[in-house]
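For reference, the structure is listed below as C-alpha coordinates.
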Amino acid sequence: MSQPGIRSCHEALPRQVAVLALVSSQEDEMEREQKQMIKEAFAGDDVIKEFLKEKREAIQASKPKDMDLTLPGWGEWGGMDLKPSAKKRRRFLIKAPEGPPRKDKNLPNVIISEKRNIQAAAHQVGSEHSLLV
(Lines give C-alpha, C1' and ligand atoms only; values in the text may rest on other atoms or scores of the structure.)
Protein backbone atom coordinates (compact mmCIF):
# COMPACT_ATOMS: atom_id res chain seq x y z
CA MET A 1 0.00 0.00 0.00
CA SER A 2 2.22 2.73 -1.12
CA GLN A 3 0.95 6.12 -2.01
CA PRO A 4 1.88 7.60 -5.39
CA GLY A 5 3.80 10.68 -4.07
CA ILE A 6 5.75 8.99 -1.27
CA ARG A 7 8.86 6.94 -1.88
CA SER A 8 9.82 4.05 0.28
CA CYS A 9 12.79 4.28 2.64
CA HIS A 10 14.69 1.81 0.50
CA GLU A 11 14.48 4.07 -2.55
CA ALA A 12 15.53 7.28 -0.72
CA LEU A 13 18.44 5.74 1.21
CA PRO A 14 20.80 5.20 -1.77
CA ARG A 15 20.22 8.79 -2.92
CA GLN A 16 21.10 10.17 0.53
CA VAL A 17 24.24 8.05 0.67
CA ALA A 18 25.24 9.25 -2.79
CA VAL A 19 24.67 12.89 -1.81
CA LEU A 20 26.69 12.47 1.41
CA ALA A 21 29.52 10.80 -0.49
CA LEU A 22 29.51 13.62 -3.05
CA VAL A 23 29.57 16.31 -0.32
CA SER A 24 32.37 14.60 1.62
CA SER A 25 34.45 14.14 -1.55
CA GLN A 26 33.99 17.84 -2.39
CA GLU A 27 35.07 18.81 1.15
CA ASP A 28 38.13 16.54 0.89
CA GLU A 29 39.02 18.08 -2.47
CA MET A 30 38.64 21.62 -1.10
CA GLU A 31 40.80 20.72 1.90
CA ARG A 32 43.50 19.26 -0.36
CA GLU A 33 43.42 22.38 -2.55
CA GLN A 34 43.72 24.61 0.51
CA LYS A 35 46.70 22.63 1.84
CA GLN A 36 48.33 22.81 -1.58
CA MET A 37 47.86 26.60 -1.71
CA ILE A 38 49.45 26.95 1.74
CA LYS A 39 52.39 24.79 0.63
CA GLU A 40 52.87 26.94 -2.47
CA ALA A 41 52.62 30.17 -0.47
CA PHE A 42 55.31 29.10 1.99
CA ALA A 43 57.42 26.98 -0.36
CA GLY A 44 60.54 29.17 -0.24
CA ASP A 45 60.28 29.99 3.44
CA ASP A 46 62.14 27.85 5.92
CA VAL A 47 60.61 29.51 8.93
CA ILE A 48 61.38 26.78 11.45
CA LYS A 49 65.12 26.68 10.70
CA GLU A 50 65.32 30.47 10.76
CA PHE A 51 63.50 30.60 14.11
CA LEU A 52 65.76 27.96 15.68
CA LYS A 53 68.83 29.80 14.39
CA GLU A 54 67.52 33.07 15.84
CA LYS A 55 66.86 31.37 19.19
CA ARG A 56 70.41 29.92 19.30
CA GLU A 57 71.81 33.40 18.57
CA ALA A 58 69.66 34.93 21.33
CA ILE A 59 70.88 32.30 23.80
CA GLN A 60 74.53 32.91 22.84
CA ALA A 61 74.08 36.68 23.11
CA SER A 62 72.57 36.42 26.59
CA LYS A 63 75.37 34.23 28.00
CA PRO A 64 77.99 36.06 30.08
CA LYS A 65 81.34 36.43 28.31
CA ASP A 66 84.74 35.36 29.68
CA MET A 67 87.34 38.12 30.12
CA ASP A 68 90.77 37.59 28.57
CA LEU A 69 93.39 39.71 30.36
CA THR A 70 96.46 38.46 28.49
CA LEU A 71 98.80 41.16 27.25
CA PRO A 72 101.07 40.42 24.30
CA GLY A 73 104.78 40.35 25.05
CA TRP A 74 104.63 40.10 28.84
CA GLY A 75 106.89 37.15 29.68
CA GLU A 76 107.02 35.96 26.06
CA TRP A 77 108.11 37.12 22.68
CA GLY A 78 105.66 39.51 21.07
CA GLY A 79 104.93 40.48 17.54
CA MET A 80 102.33 40.69 14.79
CA ASP A 81 101.90 36.98 14.06
CA LEU A 82 102.67 35.58 17.52
CA LYS A 83 99.86 34.42 19.74
CA PRO A 84 100.09 34.04 23.52
CA SER A 85 100.65 30.48 24.71
CA ALA A 86 97.75 28.38 25.95
CA LYS A 87 99.26 28.34 29.46
CA LYS A 88 99.34 32.13 29.57
CA ARG A 89 95.79 32.37 28.22
CA ARG A 90 94.49 29.99 30.90
CA ARG A 91 96.32 31.95 33.57
CA PHE A 92 94.83 35.31 32.61
CA LEU A 93 91.35 34.14 31.62
CA ILE A 94 88.58 35.09 34.03
CA LYS A 95 85.58 32.85 33.55
CA ALA A 96 82.22 34.53 33.87
CA PRO A 97 79.83 32.93 36.35
CA GLU A 98 77.01 31.02 34.72
CA GLY A 99 73.82 33.01 34.71
CA PRO A 100 70.41 31.84 35.88
CA PRO A 101 68.60 29.37 33.61
CA ARG A 102 66.55 30.92 30.84
CA LYS A 103 62.78 31.00 31.17
CA ASP A 104 62.36 29.62 27.65
CA LYS A 105 64.83 26.75 28.14
CA ASN A 106 62.16 24.04 27.86
CA LEU A 107 59.97 25.91 25.38
CA PRO A 108 61.27 25.17 21.87
CA ASN A 109 58.77 27.41 20.04
CA VAL A 110 59.27 30.52 22.18
CA ILE A 111 61.94 33.18 22.65
CA ILE A 112 61.56 35.15 25.86
CA SER A 113 63.62 38.31 26.02
CA GLU A 114 64.94 38.76 29.54
CA LYS A 115 66.28 42.24 28.90
CA ARG A 116 64.64 45.06 30.80
CA ASN A 117 62.76 47.44 28.53
CA ILE A 118 63.42 50.95 29.85
CA GLN A 119 60.53 52.55 27.95
CA ALA A 120 58.07 50.00 29.32
CA ALA A 121 59.54 50.21 32.83
CA ALA A 122 58.69 53.92 32.99
CA HIS A 123 54.98 53.04 32.70
CA GLN A 124 54.94 50.07 35.09
CA VAL A 125 53.93 50.22 38.70
CA GLY A 126 56.82 49.56 41.07
CA SER A 127 56.78 47.37 44.14
CA GLU A 128 56.17 50.37 46.40
CA HIS A 129 52.77 52.00 46.04
CA SER A 130 52.24 55.56 47.15
CA LEU A 131 48.61 54.73 47.97
CA LEU A 132 49.50 52.15 50.61
CA VAL A 133 50.10 53.75 53.97
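Kindly indicate whether Leu52 is surrounded by 10 or more Cβ atoms within 10 Å (Cβ to Cβ), at pLDDT below 80, assigned to a helix (DSSP H, G or I) and not charged (D, E, K, R).
Numbers: surrounded by 10 or more Cβ atoms within 10 Å (Cβ to Cβ): yes; at pLDDT below 80: no; assigned to a helix (DSSP H, G or I): yes; not charged (D, E, K, R): yes.
No: the conditions fail for Leu52.
Annotation: Ala58 fulfils all but one of (1) more than 30 Å from Val47 (Cβ to Cβ); (2) in a helix (DSSP H, G or I); the unmet one is (1).
Are any of the residues in the stretch 107-119 within 34 Å of the chain's Cα centre (by Cα) and in a helix (DSSP H, G or I)? Show your work before the answer.
We begin by selecting, within the stretch 107-119, every residue within 34 Å of the chain's Cα centre (by Cα); these are 107-119.
This time we only want the ones that are in a helix (DSSP H, G or I), so: 118-119.
Yes.
Applying the set (1) touching a Ser or Thr at 6+ places or on another chain (Cβ under 6 Å); (2) not in a helix (DSSP H, G or I) to Lys88 leaves exactly one unmet item: (2).
Among Leu107, Leu93, which is under 27 Å from Leu52 (Cα atoms) and of a type in the set (A, V, I, L, M)? Let's see the steps before the verdict.
Values: Leu93 fails: under 27 Å from Leu52 (Cα atoms).
Unique residue meeting the criteria: Leu107.
The values are calculated or read from the model by the stated rules, or taken from the named source; none is laboratory data. Computed from a prediction, not measured in an experiment: that's the story for all the values here. Neighbour counts run over all protein chains shown; Cβ positions are idealised from the backbone, glycine included.
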